[in-house]
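K.L.:
Right, I'll just put the structure down here and ask away after.
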Amino acid sequence: MRLIWIIVIILIGYGSLFPFNFDFSRELPQDLLAWLGNWEQRTIRSDLIANILLFIPFGFFGALTVQQDNRRYPILSVFWLIFAGVVYALLLQFLQFYLPSRVPHAADAVINSLGILLGISMAAYTNSHRLRRVIPRRLHFQLTPALVILALWLGWAFFPYSPVFDSAQLGKGIVNIYQSQWHWFLWFKFSLFWLAFFYSFSRVMQRQYHLGVLVAIAIFILTIKLSMFRSQLGWSEISAVPVALMLYRLVASNGQLMIMSLASLAILVGQLLLPWYWSGDGINAIQWIPFKGFLGGSTWYHLTNLLEFSLLIACLAYAIAKGANSFKKASLITLIIIILISGLQLFIANKMPDVTNIIMVVIIGILLETIDRMRRG
C-alpha cells in the first residue's frame, strides 16, 4: 500500500506544479506571515470541492499504509499524517508563487486538510475492525477491487460534483434530455457502465437487491444527475439503464463479467482507434509528457475523459482477473492490450499515442492487485 501512497503523492505534486515553467525571478509577498494568516475561504464552489477531493487519496492510502505498518501508536501516526499532508500542501502552494500560471492561496492547505481527514475516515470505515464493531452489519464496506470500480463509477457519474437543486436547473436538464440525440455507441458505453454499477454495488454491499430496490436506486441517481450543473443526461444513458438492469438480473455472474470484458475492450478500441485510416505521412508522433492533455485546456473536459478511461480500464482488468483468478495476470494482460492499441495508433491518421494511457493502466493495475492482496491477507 505504501507504493500506492507514494504514487498518489507524486501525482498530486505533478498536477499542482505542471507545466513546471518556474520563474524564480518572481517576487514573494512582502509579508509571508500575512499570506499564511489569510485563511479566507474560496467563493467558487468547484474550487472548494476540487481541493478537498485532491487530498482524499492522500489521507485514504496514507492511513492504510499506517495500518499496514502495524505502528505501535497508530493514533499518533495519524496525527503525523495530517501534519505531513498540510505541510506538503503548503509547500506546493509556496512553489506556485514561482509559476506564472498559478495563483497560490494558503487557505487551500486548510481545505486540503479536510480532504485528508475525509480520506482517513473512509479508510477507517472500510478497513478498521474496531470501527466496524459499532457499525450495523448491513452498512459494512470492505476494501475490495469491487469498491474501486464503484468509486470510479461514482466519480464518472457525478463529476463535476456541483448539484443545483432548483426548478430552473431541473428545467434545463429536462430540456437537454429532450434535445439530446440517441447514439448507439454512447448507448453501448452507458449500458456497460451501468452494468458495472449494479454488479459492483451488489458486491460492495454484499447482498442481492430486489428489482424494485434497484429501479429506485437508478431513478434516484438519474435525478441527482439531472440536477447537476452541466448535466449531460440524455436519451442514450436513460435508455441504457433498463438494458443494464435486465442484463444484471437475467445473466449469470460469469456472463456479466464476460460482457464487461468484451464491451470494455470494444469501447477502448472504438475510442482509441476509430475511424481507422492508415496514415500516409509516416509514423505519428508520441505524446511523451504524462497528463499534458489533461492538465492543459479545459480541466472539466479532460478530467471527465480521464475518469471514463480509468473506469473502462478498471472494468476490463477486473473482469479478466475474475476469469484468470489473478489481478496480477489481469493487470499485465490489460497493459499489453493498451500497448498494442498505442502501437497501432502510430500508423493511423489523426491519432497520437499518449503515454498517459499506459501510466494509468499501470496505476490502476497496481491499485487493484494491492487491494486484492490485502483482502486475501
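The values are calculated or read from the model by the stated rules, or taken from the named source; none is laboratory data. Predicted model, so just to flag it, every value in this text is computed and none were measured. We place every Cβ from the backbone using ideal geometry, glycine too, and count neighbours over all the protein chains shown. Ligands, DNA and RNA are stripped out before the accessible areas are found, and what is left, the full protein with its side chains, is counted by its heavy atoms. Shrake-Rupley method; radii C 1.70, N 1.55, O 1.52, S 1.80 Å.
K.L.:
Name every residue in region 330-354 that is open to solvent by less than 30 Å² (accessible area, probe 1.4 Å), in contact (Cβ under 8 Å) with a residue 60 or more places away in the chain and within 21 Å of the chain's Cα centre (by Cα), in order of residue number.
P.N.:
Listed by number, the list holds a single entry, ILE338.
K.L.:
In region 228-277, what residues are surrounded by 14 or more Cβ atoms within 10 Å (Cβ to Cβ) and aromatic (Phe, Trp, Tyr)?
P.N.:
If the condition is that a residue be surrounded by 14 or more Cβ atoms within 10 Å (Cβ to Cβ) and aromatic (Phe, Trp, Tyr), then PHE229, TRP235, TYR248 are the ones that fit.
K.L.:
Now a separate question. Of the residues PHE291, PHE327, PHE309, which is of a type in the set (Phe, Trp, Tyr), open to solvent by less than 40 Å² (accessible area, probe 1.4 Å) and over 17 Å from the mean Cα position of the chain (by Cα)?
P.N.:
Going through PHE291, PHE327, PHE309 in turn, just one is of a type in the set (Phe, Trp, Tyr), open to solvent by less than 40 Å² (accessible area, probe 1.4 Å) and over 17 Å from the mean Cα position of the chain (by Cα): PHE327.
K.L.:
Further question on the same structure: For LEU265, are the conditions met, namely being closer than 24 Å to ALA317 by Cβ and in a helix (DSSP H, G or I)?
P.N.:
yes
Conditions tested, residue by residue: (1) modelled with pLDDT of 95 or more; (2) in a helix (DSSP H, G or I).
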residue	(1), (2)
ILE289	no, no
PHE294	no, yes
ASN305	no, yes
LEU312	yes, yes
LEU316	yes, yes
GLY323	no, yes
ALA330	yes, yes
THR334	yes, yes
ILE338	yes, yes
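K.L.:
To continue, here is another question. Let me confirm something: among ARG26, ARG42, ARG72, which residue is at pLDDT below 85, in contact with a Pro (Cβ under 8 Å, 6 or more places away or on another chain) and in a loop (DSSP other than H, G, I, E, B)?
P.N.:
Answer to the selection: ARG26.
K.L.:
Which residues, taken from region 94-124, are in a helix (DSSP H, G or I) and either over 30 Å from GLN67 (Cα atoms) or open to solvent by 30 Å² or more (accessible area, probe 1.4 Å) (or both)?
P.N.:
Here is the first cut: in region 94-124, the residues in a helix (DSSP H, G or I) are 94-98, 107-124.
Within region 94-124, PHE94, LEU95, GLN96, PHE97, TYR98, VAL110, LEU114, LEU117, LEU118, SER121, MET122, ALA124 meet the criteria.
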